[in-house]
Each structure stands twice: as structure tokens, then as C-alpha cells.
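Notes for the one structure printed next.
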Amino acid sequence: MIIGHGGNIKETAKRFGFDPSEIIDMSSNVNPLGPPAGLMEFLVEKMDAILSLPESDARGAVEAFADRYGIAPERVLGGNGTTQFIYAIPEVLKTRNALILGPTYSDYADACKMWKVPFAFAMAKDSDDFFHDWAEVEKKAKEADTVFICNPNNPTGKMVPSDRIKELVEKLPDVFFIVDESYLPFVPGGDSHSLVAEERENLLVLNSMSKIFRIPGLRVGFLIASPEVIEKFYLYYLPWSANSLAQEAVKFLMERREQTENFIQKSRTFLENERKAFLKAMEKSDAIRVFDSQTSFLLAKLARVDSADAFEQMARNRFLIRDCRNFAGLSEQYVRVSLKTEDANRRAAEKLLAVAETGKAGRSE
């Protein structure tokens, strides 16, 4: 179970005596432009859906998702966010030895721990700009039966070319590859990098709508795999896993294809510009190194102050950032910032730069 993850607004507000509405949450990786126009109003109109049980297998949402991606519905399972599937994977696949490409989201390791499955990491290093040594990954993958890849990765924002993953999937047919594409919609041309349409017996893809559409509270996620693997998951699948409003949201987003694609493209353009501006604000300082990213967030390495102090100083100034010390493979030198509005990003960059260089963020706003 994750402890110390992003988005703890209420806890931080209580600790520092703020109203939660005063805090700018730059710790949670959701799209600052979301939700898409019309979705909230649509859900209000559909509120009476909660008076009845939802479809037990989210069939309507699954079919809408499958139609959007041009794949067979039999290859898709809809659930209560991708977390539901991540924690089921070691048991469903009867994993005996897992490999996790890190540093990354802790739920992959936590899922293995829950089922008492041994796991190892293939760690990317900051000296390599957090790009993996693929020869090392391939060597370690041969010793595993299940490999977890977050692509693009949280918290580094780095992406493995899809061709490289496909090549390894083909080379190692007896190894299951779990590719988590939760942040792929943020990547320019993201659909062309997706493995959703790849029909491989040993490939499972996770798709989340929480981040790009900013609906994490609805818990919307999909597992895409071969029909045979999907059947295995059904043995562990709880009926009514996806609630009524979540299913309605999927249909709204998938059926309004042009509107949804325009929203995603607008989000990509906005975030690309904001990434460049944030990086530029930090580039001349030797007190902080910000790693470039293809997502909505940026990982930073601090040279003069540790992550707990940086978190504290930013929180006192009503900015919530992510202390990354509890990511395996990272240390107390690392924090993550999720981009928000242009003004918030500019002010946060100024504060974080001050913290990095002096240990203080200046006067509280």
C-alpha cells in the first residue's frame, strides 16, 4: 500500500493551518486542463444511474473503449482503476519471479509483496539521464517470468521506444510483459507508441483515464491482453468493479472522439510549453537538476537541501510537491513537480529554485 504518495492536500492543509483550497497541488499527476468540457455536466445529468447496479462487467464501457482503439472487446477488461489489475497480476499469472524497471511506481512491488512473490529491479541511473541500459534489462528479463514497465515512467518521465519493448516481447515468449501506459496520452503522438493493438500472448497493457482526463476519483482503468489471459483474470474479477458514473464517463469520452482528441492535443501542446519554461527557469542553477520529461511532471535532483526540507518549505508557501525518497532507487535528493497552470508553474519554479539554492522559499504567499 502506498504511503506518502501525491495528493495529500487535506493532511498538508491541516498540518500547516491552511484551507485545502489555498494549496496548489503539484504532487498529483493529473491534467491541469481537465476534466474535458461537458463531462461534469453530463455526469450530473446521469446521477440517477447510481440508483441501480452498474453493468457487472462494465460491458458497455468496454465496448466503447474497444471501438475507440479498434480492438476486439474480448481483449479488454474494465475495472476500478488500473490498481485493481496491478494487484491481481502476480496471482493471476502465477508469477514466481518478477522484474520491475525502476525507479518507478511502487504498486508493482507492493503487488508482488502482497502475494509473496520475489522481485528484482533493473534500475535506471541519473548519470544516464534515467534511460535504461537495455542490454541489462534484457539480461535480467531472461531470469524473470513477469516484467513490469511503466511507459512513460513515473516519476522519471522517460519513455522506452515501443519497438524496443515489442522486440523483447517477441524474444522472450515465456515471459509476461506488463506495460503500464497510464501517462502515454500526455506524449505527443502517443497513440502511435501504444501497444494496445499488439496481439501477443505474453503482453498485457494497462490503460488509465484518471490522469489525462483528471478523473482519478472515478477510478477508471482497463486491462488489454489476449482473450485467454482475460479469461484468467475473470476468475479473480469482482462483479460491479466499475461504478455507474465511471462507466458513463467512459462512454462519454470514447464516443465523442473528435472532442476528446482535440482535448488531448490541446493538453499536450500546453504541457510541452510549460515543461520548456520550467526547465529554462532552472537550467542555470547548480543547486538543482531537472530531468526532461515527456509527461505532465518533472523529476528534480537537489544538491544543497534534502527532499523533506524542500517539501516543508514549499508546503509553507502553499505548494504541494512530491518527496521522492520513498521511490526505490531514489534518495532524499529527489522531488517531483506536476505541472499546473502557467501562473502556478512560474511561481512554483521561483520558489523551488529559492529552496534549492538557499534552503528557504522566501516570504509565504
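Can you find, within region 133-177, the residue that is surrounded by the fewest Cβ atoms within 10 Å (Cβ to Cβ) among those that are among the hydroxyl-bearing types (S, T, Y) and touching a residue at least 40 places away in the same chain (Cβ under 8 Å)?
T146
Can you find a residue in region 220-228 that is within 19 Å of D57 (Cβ to Cβ), touching a residue at least 60 places away in the same chain (Cβ under 8 Å), out of contact with any strand residue (DSSP E or B) (no Cβ under 6 Å at 6 or more places or on another chain) and surrounded by fewer than 22 Cβ atoms within 10 Å (Cβ to Cβ)?
For region 220-228, residues within 19 Å of D57 (Cβ to Cβ), touching a residue at least 60 places away in the same chain (Cβ under 8 Å), out of contact with any strand residue (DSSP E or B) (no Cβ under 6 Å at 6 or more places or on another chain) and surrounded by fewer than 22 Cβ atoms within 10 Å (Cβ to Cβ): present.
Would you mind telling me which numbered condition in (1) under 22 Å from R325 (Cα atoms); (2) open to solvent by 10 Å² or more (accessible area, probe 1.4 Å) A122 fails?
(2)
Go through (1) more than 20 Å from the chain's Cα centre (by Cα); (2) of a type outside the set (V, I, T); (3) assigned to a loop (DSSP other than H, G, I, E, B); (4) under 18 Å from D67 (Cβ atoms) for A242 and report which single condition fails.
(1)
Among the listed residues E63, E22, identify the single one that is over 23 Å from the mean Cα position of the chain (by Cα) and closer than 30 Å to F278 by Cβ.
E22 is the lone residue from the list that is over 23 Å from the mean Cα position of the chain (by Cα) and closer than 30 Å to F278 by Cβ.
Checking the condition in contact with a Phe, Trp or Tyr (Cβ under 8 Å, 6 or more places away or on another chain) and basic (K, R), which residue from K251, K280, K301 passes?
Just one listed residue meets the conditions, K301.
Let's see how each residue does on (1) acidic (D, E); (2) outside any loop (DSSP other than H, G, I, E, B); (3) open to solvent by 10 Å² or more (accessible area, probe 1.4 Å):
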residue	(1), (2), (3)
E11	yes, yes, yes
S28	no, no, yes
D57	yes, no, yes
F65	no, yes, no
Q84	no, yes, yes
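When you scan region 273-307, how many residues do you find that are closer than 12 Å to G157 by Cβ and open to solvent by 50 Å² or more (accessible area, probe 1.4 Å)?
So the count comes out to 2.
All but one of (1) open to solvent by less than 70 Å² (accessible area, probe 1.4 Å); (2) part of a loop (DSSP other than H, G, I, E, B); (3) within 27 Å of Q294 (Cα to Cα); (4) hydrophobic (A, V, I, L, M, F, W, C) hold for A37; which doesn't?
Of (1) open to solvent by less than 70 Å² (accessible area, probe 1.4 Å); (2) part of a loop (DSSP other than H, G, I, E, B); (3) within 27 Å of Q294 (Cα to Cα); (4) hydrophobic (A, V, I, L, M, F, W, C), only one is false for A37: (1).
The values are calculated or read from the model by the stated rules, or taken from the named source; none is laboratory data. Fair warning: this is a prediction, and the values are worked out from it, not measured in the lab. Ideal geometry is used to build each Cβ from the backbone, glycine not excepted, and the neighbour counts take in all protein chains shown. In case anyone asks, the SASA skips ligands and DNA or RNA and just uses the protein heavy atoms, side chains included. Shrake-Rupley method; radii C 1.70, N 1.55, O 1.52, S 1.80 Å.
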